[in-house]
């Protein structure tokens with residue numbers, strides 16, 4: 001009986017057939033250029049497959065390059081921020097130095113105008129007690145600072161030294177309720193005593209009668225009486241005058257000329273009279 005299905009060709013026969021077809025195609029392509037169209041068709045079919053095969057590799061390269069670029073940008077951004085902070089700090093420092101130089105020039109100019117011997121001192125601290133108006137300066141007995149010594153800034157009288165250590169001096173401000181200073185009205189020469197009120201930025205003239213010749217805007221300067229404060233230093237500007245007939249004394253308030261809450265540099269003053277007396281004693 002014959003088999004229903006013919007036997008399949010052997011493996012050797014199939015291999016021989018593939019080799020013959022391949023050789024025939026190579027010869028035809030080389031001699032007659034007959035398979036160029038087939039090659040193009042195969043290339044068209046395989047191109048998307050190649051893209052799909054290469055996609056993971058391309059995606060990996062893109063991700064690696066993106067991460068590297070991100071790290072580079074982050075590092076560059078951090079460096080730029082650091083440079084910006086440094087430049088800002090330098091700019092602020094230069095601005096502070098410029099302001100300090102301006103204040104020192106004003107101090108030196110004021111010392112030249114008054115003609116007394118002076119020494120520049122810097123603020124160390126401010127007394128935080130609300131009932132006491134005092135500051136601490138970085139000059140002391142090693143610099144010949146003495147108790148009762150006048151202290152001024154570029155605008156006017158600040159106060160006087162009340163305590164001295166070898167390296168520091170405590171200054172009682174003119175606004176302290178315990179402070180009093182002889183003054184005169186620059187416009188009229190009227191003399192009186194200016195007393196601290198215990199309030200920031202205000203002093204008063206409690207001993208002038210109701211008929212005193214004084215007006216808002218009058219300038220108060222040191223009178224020189226008591227020989228502690230040299231004559232002619234600005235003290236305050238009259239801000240309020242109340243001449244009520246029912247009271248024996250006028251109520252007069254003034255704003256200190258000195259920048260008591262802003263100044264950082266001050267002048268310790270040796271009045272010329274005291275300097276001459278010390279020279280004679282020496």
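The values are calculated or read from the model by the stated rules, or taken from the named source; none is laboratory data. If you're wondering where the values come from, they're calculated on a predicted model, not measured in any experiment. Methodologically, a virtual Cβ is constructed for each residue, glycine included, from the backbone with ideal geometry; neighbour enumeration extends over all protein chains shown.
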Somewhere in the range 228-243, is a residue more than 38 Å from the chain's Cα centre (by Cα), within 26 Å of residue 138 (Cβ to Cβ) and surrounded by 15 or more Cβ atoms within 10 Å (Cβ to Cβ)? yes
Give 147, 162 a once-over and let me know the one that is modelled with pLDDT of 95 or more and assigned to a loop (DSSP other than H, G, I, E, B). 147
I want to confirm something. Restricting to the range 147-196 and keeping residues that are in contact with a helix residue (DSSP H, G or I) (Cβ under 9 Å, 6 or more places away or on another chain) and free of Cβ contacts under 8 Å to residues at least 60 places away in the same chain, which single residue is surrounded by the most Cβ atoms within 10 Å (Cβ to Cβ)? 164
For residue 184, all conditions in the list (1) within 37 Å of the chain's Cα centre (by Cα); (2) not in a loop (DSSP other than H, G, I, E, B) hold save one; what is the number of the exception? (1)
